[in-house]
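Here the structure is laid out as structure tokens; the discussion comes afterwards.
The values are calculated or read from the model by the stated rules, or taken from the named source; none is laboratory data. If you're wondering where the values come from, they're calculated on a predicted model, not measured in any experiment. Note: ideal-geometry Cβ built from the backbone for every residue, glycine included; neighbour counts use all protein chains shown. Heads up: the accessible areas ignore ligands, DNA and RNA and are worked out on the full protein's heavy atoms, side chains in. Shrake-Rupley method; radii C 1.70, N 1.55, O 1.52, S 1.80 Å.
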Amino acid sequence: MRLDSYISDLLYRYECVILPGFGAFLTQYQPARIHESTDAFYPPSKLLSFNRQLQSNDGLLADHIAKSKDISYADALTAIRSYTRFLEHELEAGKNIIIEAVGSLAMEAGKISFEPSAENNYLTASFGLSQFVQPAMSRSSEEAIALKAEPLLFTPTQEQRPVYLKYAAIGLIAIGLTSFGGLKIYESGVKQHNYVQSQDAKDRVQNSIQEATFVISNPLPSLEVNLPKYQGRYHIIAGAFREEANAHKKIAQLQAQGFEARLLGKNKYGLHQVSYESHSERSAALKALRNIKNNNNKDAWLLVKQFN
């Protein structure tokens, strides 16, 4: 089964999509840019790369395949293993592999090289934007000279105006200054009135608070309740049980071992899921998962889902 479309779907939403046992496809934000030699304009995008070192299963791809095809998580892992074996076989045979809408893989000197596809822009904020070419504008020397701004010469003309117009203008200026002064006096009076009213209101409120203050002579002792806070969307699964009572027994066992175990609720198969612990950061969840696999339960796996 080809997994091209599932990998491509997840790259729109996540910065890292791991193909367990093979490698990871990573995205990094790249701002808008101009190609100097071709005068091509490119919108903001996600720069796609491949990292062979990241192979640990984080559950993201398998969970997406299981939900999309309505199959079990185990069947999704089987499909992923089959696909990675196919990739390894083709690369060792010297063939180039094209992952549709993602890029092409090839084996060079014992190392896998990756060439990202130019078809898709995985930055959803740039949806609908495409590259375009705008040649640089050039002008001839004659046009450049013609476009130079010439100094603007303006010589005001003096006209004989009646003398009474000058005095009328002086009178208008005097009236304006008097009105402005009166307005400022009025504004000052309003501000002073508002300040007095505000202070009076504050005094009345303060007096009411003082009159309402009382003391309890025999107060009840304070009670502190510590409730566990479950945060995060990365959950390390210990098991899934048909009977809820068995799920609670498992939680009690894990809590006795020091884990922050809890019941996550039913999955789509009607099984009660129990987690060792939950994390808000993927890196912390993967680290905890490796520790649990090595020391407690090799069948533990990571569920990526947001619970209320």
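Some observations on this one:
- Between Ser104 and Ala256, the C-beta separation translates, for a Förster distance of 45 Å, into a calculated FRET efficiency of about 0.30.
- Label zone at Ser56, where the point sits 7 Å out along the Cα-to-Cβ direction: region 7-24 residues whose backbone N lies under 17 Å: 16-24
- Sparsely packed chymotrypsin sites (Phe, Trp or Tyr not before Pro) within region 235-308, loop by DSSP, other Cβ within 10 Å at most 11: Tyr269
- An oblate overall shape is assigned to region 37-107, the ratio a/c of its alpha-carbon gyration tensor axes (a ≥ b ≥ c) being 1.5 or greater and a/b not exceeding b/c.
- Note on Thr124: accessible area is roughly 90 Å² with a 1.4 Å probe, heavy atoms of protein only.
- Extension gain for Arg85-Leu271 works out to 63.8 nm (0.36 nm per residue, less the C-alpha to C-alpha distance).
- Once the chain from Lys67 to Arg2 is taken as fully extended at 0.36 nm per residue, the excess over their C-alpha distance is 21.8 nm.
- Modelled label positions at Ala284 and Glu244, each set 7 Å beyond Cα in the direction of Cβ, lie 3.0 nm from each other.
- Distance (nanometres) between label positions extended 7 Å along Cα→Cβ at Asn296 and Leu263: 1.9 nm
- Classified by the C-alpha gyration tensor, region 245-308 has an oblate form. Its axis ratio a/c, with a ≥ b ≥ c, is 1.5 or above, and a/b does not exceed b/c.
- In region 1-110, Cα pairs under 8 Å separated by at least six residues give a relative contact order of 26 percent.
- Per-pair calculated FRET efficiency, R0 = 41 Å: Ser126 and Asp75 via Cβ, rounded to 0.05: 0.70
- Note on Phe41 and Glu115: their simple-model spin labels are 2.9 nm apart, each label 7 Å out from Cα toward Cβ.
- Between Arg233 and Glu15, the contour length at 0.36 nm per residue exceeds the alpha carbon distance by 76.9 nm.
- In order along region 77-87, phi translates into HN-Hα couplings of 5, 4, 5, 5, 4, 5, 5, 5, 5, 4, 4 Hz, rounded to whole numbers, per the Karplus curve 6.51 cos²θ - 1.76 cosθ + 1.60 with θ = phi - 60° and x for Gly and Pro.
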